[in-house]
1. When you go through Ile100, Ile45, Ile38 one by one, which is the residue that is crowded, with 18+ Cβ neighbours inside 10 Å and not assigned by TED's automatic domain parsing to the domain that holds Thr252?
2. Looking for something aromatic (Phe, Trp, Tyr) and over 10 Å from the mean Cα position of the chain (by Cα) - is there at least one such residue anywhere in region 234-244?
3. Would you confirm, using the coordinates I've provided, whether Ile262 is assigned to a loop (DSSP other than H, G, I, E, B), farther than 25 Å from Ile45 by Cβ and in contact with a Leu (Cβ under 7 Å, 6 or more places away or on another chain)?
4. Scanning region 104-150 for residues that are free of Cβ contacts under 8 Å to residues at least 24 places away in the same chain and part of a loop (DSSP other than H, G, I, E, B), which turns out surrounded by the fewest Cβ atoms within 10 Å (Cβ to Cβ)?
5. Of the numbered conditions (1) surrounded by 13 or more Cβ atoms within 10 Å (Cβ to Cβ); (2) free of Cβ contacts under 8 Å to residues at least 24 places away in the same chain, Gly94 satisfies every one except a single condition; which is it?
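The values are calculated or read from the model by the stated rules, or taken from the named source; none is laboratory data. Please read these numbers as outputs of a predicted model, since none were measured by experiment. Note: ideal-geometry Cβ built from the backbone for every residue, glycine included; neighbour counts use all protein chains shown.
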Amino acid sequence: MKNYLEFEKEIKILEEEVDNLKSPFGSEGISEVNTNKIKITQEEINEKLKLTYKNLNSWQKTLVARHEDRPKANFYINKIFTQFTLLSGDRYFGDDKSVIAGFGLIDDKSVLVIGQEKGEDLTTRIERNFGMMRPEGYRKCIRLMKLADRFKIPVVSFIDTPGAYPGIGAEQRGQASAIANSIECSMSLTVPSISIIIGEGGSGGAIALASSSKVIMLENSIYSVISPEGCASILWRDQSKSLQAAEAMKLTANDLLNLGIIDEIIPEPLGGAHRDQDSIAEDIKHSIIKNLRVFENLSKEEIYDHRKAKFLQIGRDQGFSKPSDLNGAGLSYKESNFQKIATHVLKNKLIYIGLGLVIITGLVSIIY
């Protein structure tokens with residue numbers, strides 16, 4: 001049974017009409033199927049989908065990102081990778097079912113695959129904790145990322161979580177520390193890492209695994225420090241203002257690409273990823289292969305510096321670059337010419353103020 005969002009009511013009516021037209025059993029018994037009417041109605045559905053999804057606001061995209069039928073990490077792992085070997089446990093406490101991790105093959109190359117899994121139905125959602133990872137989940141990922149780094153195996157992560165689990169048990173076992181250590185481990189890898197946000201990229205629970213060489217988003221996914229409802233509750237103490245919060249937070253793929261926070265957007269099939277799951281899986285596979293090839297001829301130092309420079313550049317004009325001299329170490333900040341002039345003027349503002357006063361005094365004396 002298909003699930004529809006509130007703004008898809010007209011599409012639901014038309015699709016139900018198509019289903020009735022396809023059935024040979026009418027009110028008067030067996031009747032001839034009207035293929036022409038089916039074709040016309042299907043074209044109308046496609047136009048409605050195109051118009052609706054072209055004009056989605058930030059809150060509607062949030063609803064699409066959370067759609068019940070949207071493909072989950074487990075689906076993509078089974079579709080994209082071959083010979084996937086599941087690995088479990090953090091070697092400290094237990095195994096976190098909200099994250100799937102293991103090694104597999106893509107394009108005949110070994111990769112570490114990590115996927116935050118929400119579950120397909122109520123039973124699996126409870127088992128997977130709705131994709132909200134606990135400390136042991138992050139520690140499992142850290143263990144496997146270090147293993148992949150040791151054997152020079154790239155890391156591919158599928159991000160889909162409302163956030164890290166905020167329960168008492170998770171806090172007692174060091175949730176904040178586990179997230180921080182996961183971010184540190186992700187940033188320190190000397191192998192290529194690719195993160196694809198396939199649904200919700202919520203809070204530190206997402207960035208713990210999305211601190212990657214390439215951060216990619218599906219067209220209707222979201223990525224933010226907090227949910228729109230949480231933001232509305234804090235700022236206005238009113239969850240009904242979720243639309244205003246979603247617009248202000250710039251959490252959609254297009255907004256984040258313009259801000260330089262993500263590197264690429266993968267377009268979704270007409271009506272969202274859930275309407276053509278095989279097609280979107282194929283597009284994601286091509287994107288992973290393409291981005292892994294970018295790093296094929298780079299040394300581990302260059303891969304590390306690329307990731308570091310990428311994140312240091314967010315919110316800056318030029319970011320950081322490797323020193324050209326042989327004695328230089330690490331990364332240095334690279335300023336634009338405008339920033340250099342502005343910095344120089346600011347440092348010597350008293351001198352320029354004095355010169356300005358002298359010039360004005362001279363001009364006044366000449367005039368009078």
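1. Values: Ile100 fails: not assigned by TED's automatic domain parsing to the domain that holds Thr252; Ile38 fails: crowded, with 18+ Cβ neighbours inside 10 Å.
Testing whether each residue is crowded, with 18+ Cβ neighbours inside 10 Å and not assigned by TED's automatic domain parsing to the domain that holds Thr252 leaves just Ile45.
2. Of all residues in region 234-244, those aromatic (Phe, Trp, Tyr) come to 236.
Restricting the remaining residues to those that are over 10 Å from the mean Cα position of the chain (by Cα) gives 236.
Yes.
3. Numbers: assigned to a loop (DSSP other than H, G, I, E, B): yes; farther than 25 Å from Ile45 by Cβ: yes; in contact with a Leu (Cβ under 7 Å, 6 or more places away or on another chain): yes.
Yes.
4. Looking only at region 104-150, we keep the residues that are free of Cβ contacts under 8 Å to residues at least 24 places away in the same chain, and these are 108, 121-126, 150.
Within this subset, residues satisfying the condition of being part of a loop (DSSP other than H, G, I, E, B) are 108, 121.
Details: Asp108: 6, Asp121: 9.
So, considering only residues that are free of Cβ contacts under 8 Å to residues at least 24 places away in the same chain and part of a loop (DSSP other than H, G, I, E, B), the one surrounded by the fewest Cβ atoms within 10 Å (Cβ to Cβ) is Asp108.
5. (2)
Results for (1) among the polar types (S, T, N, Q); (2) in the same structural domain as Ser195 (by TED's automatic domain parsing); (3) touching a strand residue (DSSP E or B) at 6+ places or on another chain (Cβ under 9 Å); (4) at pLDDT below 80, shown as yes or no for each residue.
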residue	(1), (2), (3), (4)
Glu302	no, no, no, no
Phe311	no, no, no, no
Asp317	no, no, no, yes
Ser324	yes, no, no, yes
Leu331	no, no, yes, yes
Ile353	no, no, no, no
Thr361	yes, no, no, no
